[in-house]
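Take a look at the structure below.
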Amino acid sequence: MSFTAPVIEWAGLIPVLIVLGAGVLGVLVEAFIPRNARPIVQPLLALMAILGAAVALAGRWTIVSAGTGQELSTGIAEDPFGVAAQGILLVIGLLAILVMADRTTADDGAFAAQAADRPGSAEEAESLHAGWASTEMFPLTLFSLGGMMLFPLADDMITLFVALEMVSLPLYVMAAMARHRRLLSQEAALKYFVLGAFASAFLLMGAALLYGVSDAVTYTAIAAAIAGGGVVGMDWLALAGVVLVTVGLLFKTAAAPFHAWSPDVYQGAPTPVTGFMAAGVKATAFLALVRFYYVVGGYLGWDLAPFLWTVAILTMIVGTVVGVIQTDVKRMLAYSAIAHAGYMLIGIIAWNRVGVWALLFYALSYGIATVGAFGVVTLVRENHEGAPGAEATELASFIGLGRRSPWLAGAMTVFLLSFAGIPLTSGFVAKFELFLSGVQGGATWLVIAAIISSVATAFFYMRLIVLMFFREPQGEQVTVVGSTGPTALTVGVAAALTIALGVLPQAVISLFADAAMLLP
């Protein structure tokens, strides 16, 4: 029996290998480094890995931007789009790690002392009394980030599924690690796991149907089979396969009606994990959907149009209408994310180059603002007779925040204005480019629906701004804890980037336009 060794272009995988290798080192740190040193070692290891991966990725960009891309290994394609997508995810990962690393001046952080302790048990009390701090989330974040970096590069169904699981499995664990409201956190993790497995089943079934049509798992072979007519009389099989794979990816983007997990998981998970999940998972899922749809699904554009238009409009309606009635900031941001998923679907439906670079820019601008917004939430706490407790996430808790902490309220305002698409923020530029792609792609009525939704969602963003700046603080039920540095740095950098990308977006848009060249 002969064996053919696989050909692997290791140089193109260096950024991912650095991140995943650091995750493995993080596991060894948990095993061999003393407990009191881990809160310093683990964040530094994670940050160094992300920065090292960014340097390696910059080197890859200079190579792929001058060529046509290449196959790094079976099922993994490297091209300007994939490298740009990885860069966006590294930015999100860097900001998220900083928020996770901050234990604040309350010296508690967002994570349980030991995730294995039963909530309310004597063991948990002993762990808290000993001052222990969980650090497992850093290698878990790196493993998930490594999966996110592979997800947009996947160009066959097997790699797509494996990368999906790499993204999801660490997040299922991290969602259960909240320091406060432990039972709510564990409930969120269970819901995320069950519905995530459900989404994976859709994707696998769709992949099986597409294999039946094309006798292949690679995107190009599937696309060729669909374009050539596939199996005679079995066009419906190809359509069903593309729809099911799309549904599996739409679960991760929290598009309606596949959004049911999103509000509960956003509310229950540790707030830094919520920020990482909201920004990173949405970005990587949409960017993976771009490659799948632009290479495979676009050949069924007219047949898929009713499905995608329905999902996009329903997603905007759910995110807008239900978001208006929310009284919890994290749930409000969850429904905001659902509405944004509806807008981002316009870039998929458009099926043109403008849609590709608009989605890249949207993923970057939305991801930065989202991590920053959840970073702000981590510092607003309940006040128990002078002792800070859990995050105070009720809207009423943000009343008078502009008096308690003007810089924090100011940064939150920048993020909310960006979500609303107000000019001079990155959100405005992202929406403008995305809506432009929709008009050019023949989805003008969908763009009109998105504009109406954007105007309506501005209500709950402006409501929070009014509460922060135009209402007097009520009592001492809420306190603002200080950052020990990482969260303050994240919030400041995110706010600055949100404004910079809104005022001077040309360089980034030009770079992303180059990244869109190699997609069909």
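Laid out as a table, the results:
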{"item": "Computed label-point distance, nm, for sites LEU169 and LEU17 using a 7 Å Cα→Cβ extension", "result": "2.1 nm"}
{"item": "Residues of the range 351-393 with amide N under 18 Å of a point placed 7 Å along Cα→Cβ from THR484", "result": "375-376, 378-381, 388-391"}
{"item": "Cα centroid separation, the range 361-379 to the range 324-340 (Å)", "result": "14 Å"}
{"item": "Over the range 116-265, relative contact order from alpha-carbon pairs under 8 Å, at least 6 apart, %", "result": "20 percent"}
{"item": "Per-pair calculated FRET efficiency, R0 = 22 Å: THR74 and ASP235 via Cβ, rounded to 0.05", "result": "0.20"}
{"item": "Length gained when the stretch LEU128-PHE459 is fully extended (0.36 nm per residue, less Cα-Cα span)", "result": "115.1 nm"}
{"item": "Kyte-Doolittle at least -1.0, axis length at least 24 Å by Cα - qualifying DSSP helices, the chain", "result": "14-32, 38-64, 80-101, 157-174, 182-214, 235-253, 301-324, 329-350, 353-379, 444-469, 486-503"}
{"item": "Label-point gap, in nm, between LEU44 and ALA201 - each point 7 angstrom along Cα→Cβ", "result": "4.7 nm"}
{"item": "Relative contact order (percent, whole number), the chain, Cα cutoff 8 Å, 6+ residue spacing", "result": "16 percent"}
{"item": "The range 346-378: chymotrypsin sites (Phe, Trp or Tyr not before Pro) falling in loop per DSSP and having at most 11 other Cβ within 10 Å", "result": "none"}
{"item": "Relative packing of peptides 154-166, 133-145 - highest average C-beta neighbours within 10 Å first", "result": "133-145, 154-166"}
{"item": "Computed FRET value (nearest 0.05) for THR310 with VAL503, which takes r as the C-beta separation and R₀ as 56 Å", "result": "0.95"}
{"item": "Theoretical gain in end-to-end length, LEU190 to THR327 [0.36 nm per residue, Cα-Cα removed]", "result": "47.0 nm"}
{"item": "Cα centroid separation - the range 92-112 against the range 163-225, whole Å", "result": "26 Å"}
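Just so you know, all these numbers are worked out from the coordinates, no wet-lab data involved. The structure displayed is predicted, hence computed values, not measured ones. Counting neighbours? That spans all protein chains shown, and the Cβs are built from the backbone with ideal geometry, glycine included.
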